[in-house]
Amino acid sequence: MPQHAALVTWIEARGGVAHTTEAVRSGHSRHHIAAAVAGGLLERVRRSWLVTPGCDERLRAAASVSGRLTCVSAASALGLWTPDHDLVHVAVARTASRLNSGGLRIHTARGPAPVGPLSTVDPVLNVLFHTARCLDEPDALAVWESAMRKRLVDAGMLEAVQWRSSRAAKLARVAGDLSDSGVETRFVDAMRTAGVEVQQQAWIDGHRVDGLIGRFLVVQLDGFAHHSSPRDRRRDLEADARLQLLGFTVLRFDYFQTLYRPQAVVDTVITAMSQGLHLRRRAA
């Protein structure tokens, strides 16, 4: 394999972006770098960064300011739940200057995990740190719990970190791994704020339910892609009917209601509780 082709393969294995210094340290000569750039196999960004034509545009954007992908952009790249966002979130040094920040959300705060100057993506702890500072608390909590579900972090690790942020320290105390999705995290947080305790992932009749309030009020939450097929819809209707026949009250909310009309969701649950439906079986 020609040396410049080997260089391209090496960069592709790193996500499609690398610093020239790192490439040279790995045994690729500046002559081969120049040949790859001249041949259109690589592109120089901000003089010292090399990107492949198929590089993730978020990483390219980070390289354009000599920064690292972070916050919701890095969380999304890690496969975590994230709220809708348009800007690319990038961490840069406090001393960074002459930045073209168009289309970018620049983060200059220093996270708890050390990071090298040639890194292209923040460590997961720094990603969580920035989400805690950047997002509304319910959204940040959903990102944190998504990281816990994927076993990227655990509760003990989070509590031991020196966060340098009161908001991050608070999330470390309340985050858990019971939520199956960001939607569920948002629901539980809204109910907690309203003073209502939700038992997550409770087993009833041999099946899990998203939330159980009291003894008989079941809450089921549909994700964004839920009910993409009639089979899914029929399955959930059958599950709801079975629970109702067992005497449970079942409230089902969709993605839009939970994320964009949370107060209406809370009000519905509170109304059901005011009728005592969490404490008694439904009449047959």
### Task
Among the residues of the stretch 225-238, write down those that are in a helix (DSSP H, G or I) and open to solvent by 20 Å² or more (accessible area, probe 1.4 Å).
Pro230, Arg231, Asp232, Arg233, Arg234, Arg235, Leu237, Glu238
### Task
Taking the residues in the stretch 35-58 that are more than 29 Å from the chain's Cα centre (by Cα) and over 14 Å from Ala5 (Cβ atoms) as candidates, determine which candidate is most open to solvent (accessible area, probe 1.4 Å).
Arg47
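Okay, residues lined up against (1) more than 12 Å from Leu69 (Cα to Cα); (2) of a type outside the set (A, V, I, L, M); (3) assigned to a helix (DSSP H, G or I):
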site	(1), (2), (3)
Asp86	yes, yes, no
Arg94	yes, yes, no
Gly102	yes, yes, no
Ile106	no, no, no
Arg110	yes, yes, no
Pro117	yes, yes, no
Pro138	yes, yes, yes
Leu152	yes, no, no
### Message
Checking the conditions here, which among Ala74, Ala18, Ala63 is open to solvent by less than 50 Å² (accessible area, probe 1.4 Å) and touching a Leu at 6+ places or on another chain (Cβ under 7 Å)?
### Response
Ala18
### Task
Sort out which residues of the stretch 240-258 are under 22 Å from Thr185 (Cα atoms) and in a helix (DSSP H, G or I), and write them in order of number.
Asp240, Tyr255, Phe256, Gln257, Thr258
### Cross-chain or 6+ apart pairs with Cβ under 8 Å, the stretch 36-63 first and at positive phi, then open to solvent by 70 Å² or more (accessible area, probe 1.4 Å) and not aromatic (Phe, Trp, Tyr)
Gly40/Pro53
### Task
Using the structure shown, decide if Ser179 is under 14 Å from the mean Cα position of the chain (by Cα), outside any helix (DSSP H, G or I) and either of a type in the set (Gly, Ala, Ser) or buried (at least 18 other Cβ atoms within 10 Å of the Cβ) (or both).
yes
### Query
In the stretch 260-277, what count of residues is obtained for those that are over 32 Å from the mean Cα position of the chain (by Cα) and in a loop (DSSP other than H, G, I, E, B)?
3
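The values are calculated or read from the model by the stated rules, or taken from the named source; none is laboratory data. Values in this document were obtained by computation on a predicted structure and should not be read as measured data. Neighbour counts run over all protein chains shown; Cβ positions are idealised from the backbone, glycine included. Ligands, DNA and RNA are stripped out before the accessible areas are found, and what is left, the full protein with its side chains, is counted by its heavy atoms. Shrake-Rupley method; radii C 1.70, N 1.55, O 1.52, S 1.80 Å.
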